[in-house]
1. Do we find that Glu335 is acidic (Asp, Glu), surrounded by fewer than 12 Cβ atoms within 10 Å (Cβ to Cβ) and closer than 29 Å to Arg177 by Cβ in this structure?
2. Among the listed residues Ala306, Ala251, which satisfies the condition of being modelled with pLDDT of 90 or more and surrounded by 13 or more Cβ atoms within 10 Å (Cβ to Cβ)?
3. When residues of the range 374-408 are filtered for being surrounded by 13 or more Cβ atoms within 10 Å (Cβ to Cβ), in a loop (DSSP other than H, G, I, E, B) and without any contact (Cβ under 8 Å) to a residue 24 or more places away in the chain, how many remain?
4. Condition (residue is closer than 15 Å to Ile232 by Cα and surrounded by 16 or more Cβ atoms within 10 Å (Cβ to Cβ)) applied to the range 107-115: is it met by at least one residue?
5. Which helices (runs of 4 or more DSSP H) sit wholly inside the range 262-353 and have at least 2 residues that are within 19 Å of Thr385 (Cα to Cα)?
6. So is Gly370 more than 19 Å from the chain's Cα centre (by Cα) and of a type outside the set (Val, Ile, Thr) or not?
7. Among the candidates Ile42, Ile32, Ile11, single out the residue that is surrounded by 12 or more Cβ atoms within 10 Å (Cβ to Cβ) and modelled with pLDDT under 85.
8. Those residues that are among the charged types (D, E, K, R) and in a helix (DSSP H, G or I), I need them from the range 37-61; list them, please.
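The values are calculated or read from the model by the stated rules, or taken from the named source; none is laboratory data. All figures in this text were calculated on a predicted structure; none of them were measured in a lab. With ideal geometry, Cβ positions are generated from the backbone for all residues, glycine too; neighbour counts draw on all protein chains shown.
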Amino acid sequence: MLATNQFTNTISTPLDDFDAFLENPLGYKLTIHQSNTIGNVIKELHKDSEGYIASCHLNKDGKMGQKFYKIDDYECETENAFFSVNTFYTKCRNSNCVYELKGFFSDIDTYKIGLTHEQVIWLLEEDILGIKIPYPTWLISSGNGLYYILKFSNNIKAREDNKINFELKEKWKTCMRFIYDVLKDYGADANAMDASRVLRIDGTYNIKNNKQKEVTILKNYGNTIDDIDEFIDLWLPNEYIKEKPKTLLKAEYTVERVQTLKENGKKYGKSLKKLNLERMRDIMRLVEMRKGDCAGTRNYMLLLFAYHTLQTNQGNLEQALQDTHLLNNSFDEPERTSQVNAIVRTAHKAYLGWLNGEKVLINGKWCRKGYNYTNENLIEKLCITEEEQRKLKTIKSKKLVQEQRNKKRREKRRNEYGLTQREQQKQETIAKIMALKEQGFNNTEIAKRLGIARQTVSKYVNQK
């Protein structure tokens, strides 16, 4: 059962001058939602839920344990406790197992931009809420950051008759991406947008590094939205969603075509295999550079590694399992064997979709299935620094690639003495001028003999 707790209550004071606010942030006080129970958000968000809600607990060793409950039987800890915003059709916290979509959310790390909760909320209410995105149902202090949660008033099922509604889930992802884009300047976390995400429970305590902070509902706006389509109609800009193509033709390179190209050693097959092989090596280099400490990106690395392994070995699932388990063993905290197996199966499913040329809606665009991410996306998802990028082969920003290309071009232009063609010609001309000068010729005579201006001869002679 949900435990009880008591929140403090303060008075809201409006403030018009943000400069004065930065100097005196206490001039703006938050009205903290007053309650005597833990998990008010859970009870309101999931009051009509039919699926399983994940209840997670971070123990003192830093390991996450989880259980699954229906709403009537829900239980949680009072410290470092988390719940899933969406529900699952089975006792497995995985995006493919999501049953009901309960709303939109964003994890805003306010500490990353050096502002307090009060300052960020003031900015959001001034420039964002009700203008670019709707007011949330709740704004919650997670201890170090804020949660933006917007509840659906309708119960939206992402899975019915044992079939996943992929189009609905992609619409949800597109809306989540838009909310992130709006809030990223305020510290929104790019890695907190998956449907299986868990958030801290209001009324519990966030304990980290021996510091205890209360997870508190700071603002209870009570706003809701009917469903995803209403959000798209009212808030989503046109550039985020495009019309579905009339026909979804298979990609140019079908299963047989890719196989034939690889067997014949054609350029497409070779370059594709080389790219995926280098991506695998880059992930291994990244783990090595971080000395196995890949908290927050470990499972994403495993998924990408498994996918690129399958691309390289033409879908050999057994080999992909073996290679991915080897990578998993190189982490400080390896993932469970069963979870690694599930990750590889997910990657295999994506590979088959790519191979058959299937299409999927991603961020408003119909794209070929598979984890074919751009370098910018990989850098953001894996939190790769510029220093790390310089040691990788393929995962680099456009700016760094251009910088390295320019450096190679400059080096290629120079001879064994480090001179460009123009610099070499200049040195040869100076040598000829000085040789003629030693023979007793004056500047005018040297200029006529070499076919250059007299001023040029004078300039080089004076330099010597």
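1. No; evaluated as a whole, the condition is false for this residue.
2. Ala306
3. Within the range 374-408, residues that are surrounded by 13 or more Cβ atoms within 10 Å (Cβ to Cβ), in a loop (DSSP other than H, G, I, E, B) and without any contact (Cβ under 8 Å) to a residue 24 or more places away in the chain number 2.
4. no
5. 267-289, 298-312
6. Answer is no for this residue.
7. The conditions single out Ile32.
8. Lys43, Glu44
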